[in-house]
Amino acid sequence: MQSSMMEKLSFLYKPYVLAVLTIGYISGELGHYLIGVTSKATAIELDYGDQACQQNHTDFLRHELPAQCAEFIIEHECHQQHINGTVYCEWNYNGLGLEYQLLAGPSFIAVFTVMGVVLGVAADRYNRVRMLFVCTLVFAVAILLQGTVKEYWHLILLRMVMAAGEAGCNPLATGIMSDIFPESKRALVMAIFNWGIYGGYGIAFPVGRYITKLDIGGLGWRICYYGTGVLALIMAVLTGTTLREPERQSIGEDAAGKVKVNLWKVLLQPRVLLLMFAASIRHSGGMTFAYNADLYYNIYFPDVDLGWWLFAVTIGIGSIGVVVGGIVSDKFVAKMGIRSRVACLAVSQLLATPFAFGSVYFEPLWAMITLGISYFFAEMWFGIVFAVLVEIVPLQVRSTTIGVFLFVMNNIGGNLPILVDPLAKAIGYRGSVMFFYAGFYGISTLLFFITMFFMDGPKPAASAPSIGHDPTSHANHVEMGHENNTFQPDDYLPSPHTNGANGHRNIVSVRPSESSRL
């Protein structure tokens, strides 16, 4: 009876796995981005970062003040500002400074990128469910312990531990989902899972702002980390006790039929290097905004609550942009070749750039409107970049290339925002955020545009089929299909036993000097 009931409910297992993995990823990303929202409260308790004159009275609107608090750089002058005897400025930690930028970026990214490569390799050899359970448990405990810290260096250390655990989420979960979901649903499943990045980042705004203000049990910002850590612990337990390791499916070519490809020759292609550099600059712009958005709007608009606006724009519009970007590039690439995907990248970032400037230039209403428009176009980039990458590298080194690509992109993109602080001291915080956020969007536009000319254009028209030849046969599709073997040896000819019809091979013999065509 019980086994019969289990069989009837077995259709729920796959969506259940997706839900557990996605919620676990959201909890990890929430723990990652919480520091950007709670930093001011955290800095006041742990004594780190810069101190500045700030408005501390929300009963007064900025236009009612005789002078803006941010104008004063001397502490005693800050304390002298008042309206009818009510002092509206305070000299306190503002959550910024070099210590904050180190905390938000390098301390996390350095460990995250290295462990991501290590765990990605391990995922091909060991039980992924058990590894994911351990990884989720590690970052869950690290997030929980961040709520107990007494010193700044405790926070640095725990973010490094958290990064080590969270680094396993994507490669391990991706492998598990690839083996339990059919190819027809795989893209949708991956999109839902990777939405966890936006989910965690977006939820961090209301959680970090409003839960901290509630001061539950006198814990202030600490309760945010306790709650997130408990959620992550629950997902770790569910992962370890209710998920099972799926049988590994052969998705690509047969291992026995693969041709050796030089990884370095792939990575050092000008188009791969240009794409990697352009993506790194674009990623840096996005991370600058992610780590500074809440602090920026709190400093410049202290009397306006933008927490829910930031939540809606990030989760709603950003997610739509990701999906639309993939659809648009897929529509064009069939007719115009791989070059059209990179053109989509350049155009989307070009359209996003002026609105990104507006989001840090205008007053709150127009700042949120322009931010929404910017997000719609800007967030198209991520899916398109990796669609381009997997289509220009040989199948044999595709996973390794993606791992190296992510390593470089995250290290450059995640660490460059540390320069926001020294530039802010020279030209002001607003100018620094503008440069590293909107300015890097603009620079990436130019780089994507240059990269476009290193990509292949439209596919040549297929020749008419000979008499008696079935134009719908699989073999004929191989001639017209995607070719990824840029580095095919001169003397290689496909075996008659490994043709497209029965060997599942998409290889067309080309010389090393030829580029792949799509």
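Quick one: dipole size for the range 266-456, taken about the Cα centre, charges +1 on Lys/Arg Cβ and -1 on Asp/Glu Cβ, in debye to the nearest 20.
Values: 9 positive and 9 negative charges, 128 e Å.
Here the range 266-456 has a charge dipole of around 620 debye.
Would you mind pulling out the separation of the Cα centroids of the range 412-453 and the range 286-314, in Å?
18
Which FRET efficiency value, to the nearest 0.05, do you get for GLU363 and PHE453 by plugging their Cβ-Cβ distance into 1/(1 + (r/R0)^6) with R0 = 45 Å? Intermediate values should be presented prior to the final figure.
Working: r = 40 Å, r/R0 = 0.90.
Computed FRET efficiency for GLU363 and PHE453 comes out at 0.65.
Would you mind putting 193-206, 408-421 in packing order, based on average other-beta-carbon counts within 10 Å, highest first? Could you put the intermediate results ahead of the total?
On the way: 193-206: 22.1, 408-421: 20.5.
Put in order of decreasing packing, that is 193-206, 408-421.
Counting only C-alpha contacts under 8 Å and six or more residues apart, can you give the relative contact order of the range 266-456 as a whole percent? Before the final figure, lay out each step's value.
Details: 250 pairs, mean separation 80.0, N = 191.
The value is 42 percent.
Where does each of 164-175, 70-81 land if you order them by average Cβ count within 10 Å, highest first? Please report the intermediate quantities before stating the final value.
On the way: 164-175: 24.7, 70-81: 14.3.
Highest mean packing first, the order is 164-175, 70-81.
Nearest 0.05, what FRET efficiency do VAL114 and HIS63 give at R0 = 51 Å with Cβ-Cβ as r? It would help to have the intermediate numbers written out before the result.
Details: r = 49 Å, r/R0 = 0.97.
After rounding to 0.05, the efficiency reads 0.55.
What residues qualify as long-range amide H neighbours of ASN92, i.e. H under 5 Å apart, gap of 5 or more or another chain, H built at 1.01 Å from N?
Those lying under 5 Å, H to H, from ASN92 are ALA52, GLN54.
Is the C-alpha gyration tensor of the range 71-214 telling us rounded, prolate or oblate? Criteria: a/c under 1.5 is rounded; beyond that, a/b larger than b/c is prolate, otherwise oblate. Let's see the in-between values first.
Numbers: a/c = 3.28, a/b = 2.28, b/c = 1.44.
Prolate, because a/c is 1.5 or more and a/b exceeds b/c.
When the accessible area of the range 63-175 is computed with all protein chains present and a 1.4 Å probe, what percentage of it is carbon and sulfur? Provide the component values of the computation, followed by the final result.
Values: 3270 of 5130 Å².
Whole-percent figure for carbon plus sulfur exposure: 64.
If you roll a 1.4 Å probe over the range 266-456 with all protein chains in place, what percent of the accessible area is carbon or sulfur?
The value for the range 266-456 is 79 percent carbon and sulfur by accessible area.
I'd like the Karplus ³J(HN,Hα) series for the range 133-147: coefficients 6.51, -1.76, 1.60, θ = phi - 60°, whole numbers in Hz, and an x wherever there's a Gly or Pro.
4, 5, 4, 5, 4, 4, 6, 5, 5, 5, 5, 4, 5, 5, x
For VAL393, what accessible surface area do you get with a 1.4 Å probe? Give it in Å², rounded to 10.
Answer for VAL393: close to 0 Å² accessible.
List every residue whose amide H lies under 5 Å from the amide H of ILE83, counting only residues 5 or more places away in sequence or on a different chain, with H placed 1.01 Å from N in the peptide plane.
TYR88
The values are calculated or read from the model by the stated rules, or taken from the named source; none is laboratory data. Quick caveat, the model's predicted, so the values are computed rather than measured. Cβ: placed from backbone, ideal geometry, glycine included. Neighbour counts: every protein chain shown. Each accessible area value is taken on the protein alone, full model and side chains, heavy atoms only, with ligands, DNA and RNA left out. Shrake-Rupley method; radii C 1.70, N 1.55, O 1.52, S 1.80 Å.
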